[in-house]
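Report on the following structure.
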Amino acid sequence: VNNRYMEVPSKWELVVAARELSDRGLVHSAKWMSELSVSLPRSSLPDGLRDQLSHLDTEWMLELDRYTFAKACFDCREYRRAAFHLEGCKSQKSIFLRGYSLYLAGEKNKQEQTSEVSGMTHSKENSTKHLKLLQKEFSQLYERKTLDGYGLYLFGVVLKELDQRDKLRAIFEESVNKVPFLWSAWQELAATCEDRETLDTLDLPSHWMAEMFMAYACLHLQHTEESLQRYNDLTASWLPADSTHVKSQKALVYYNARGWY
């Protein structure tokens, strides 16, 4: 197996990544990354990373009070209120959180309508109204090439929900290149690969997350032997064998192979 993406991450690299994910409300990716970080042995904070943490986005700092309040609303699942308080904000974090809030508010509204009026079918126009609004806003940002990796991920999710799949692979590919720590984007990218040939044509970043992705994608494509080998290589290199992610993925490998190993 060609492990060209094999790289050993530091514990604090994962901690910072988890914080970045959490700041944008990506709770599942943040939890996934945090789980990896706690499985690694504790170490001192590197000087280079300490300098990195001292740097803050100036534009975001000007919006910090609004962002902090909006994030609190978001965490309380008051999504429309969160989006309202971020209206007109220009930083990438604020743009993402506002878009994600609008997305979740629309999804929450769909669920509430379904539960309140059981058995009635709502028009597709009403159920996709929030998605079309986000598509319009993020399409403009995408054309101007001003979306960061998180914004690209959200844009891809919106297009997927609208069943507009022409640009999906390219968008998720660009997302993981800009933000390699965003596991949700890697999962969406894997879902766009129908076969091994497509997987091999991807332009992936030179990052250890790409190796995690290849193991996951091989399992997704039913290449069980290669998937197992890649997970074994990861555990031999740096990833603890008792990691919940590794154990669950290996369990899927063995299940798909019907216990032939």
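The values are calculated or read from the model by the stated rules, or taken from the named source; none is laboratory data. In this text, all values refer to a predicted model and were calculated from it rather than measured experimentally. Glycine also receives a Cβ, built like all others from the backbone with ideal geometry; neighbour counts cover every protein chain displayed. The area values use the complete protein model at the heavy-atom level, side chains included, leaving out ligands, DNA and RNA. Shrake-Rupley method; radii C 1.70, N 1.55, O 1.52, S 1.80 Å.
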Exercise. For the stretch 176-214, what are the residues that are closer than 22 Å to Val8 by Cα and among the hydroxyl-bearing types (Ser, Thr, Tyr)?
Worked result: Ser184, Ser206
Problem set entry | Hey, Arg80 at pLDDT 95 or above, open to solvent by 80 Å² or more (accessible area, probe 1.4 Å) and out of contact with any Lys or Arg (no Cβ under 6 Å at 6 or more places or on another chain) or not | yes
Exercise. Hey, any hits in the stretch 103-117 for a residue that's farther than 21 Å from Asp163 by Cβ, of a type in the set (Phe, Trp, Tyr), modelled with pLDDT of 95 or more and crowded, with 18+ Cβ neighbours inside 10 Å?
Worked result: no
Exercise. Taking the stretch 214-261, which residues are touching a Ser or Thr at 6+ places or on another chain (Cβ under 9 Å) and assigned to a loop (DSSP other than H, G, I, E, B)?
Worked result: Leu221, Leu239, Pro240, Ala241, Asp242, Ser243, Ala257, Trp260, Tyr261
Exercise. Do you know which residues across the stretch 147-179 are surrounded by fewer than 17 Cβ atoms within 10 Å (Cβ to Cβ) and farther than 23 Å from Ser206 by Cα?
Worked result: Leu162, Asp163, Gln164, Arg165, Asp166
Problem set entry | Residue among Leu204, Leu199 that is more than 18 Å from the chain's Cα centre (by Cα), buried (at least 19 other Cβ atoms within 10 Å of the Cβ) and modelled with pLDDT of 95 or more | Leu199
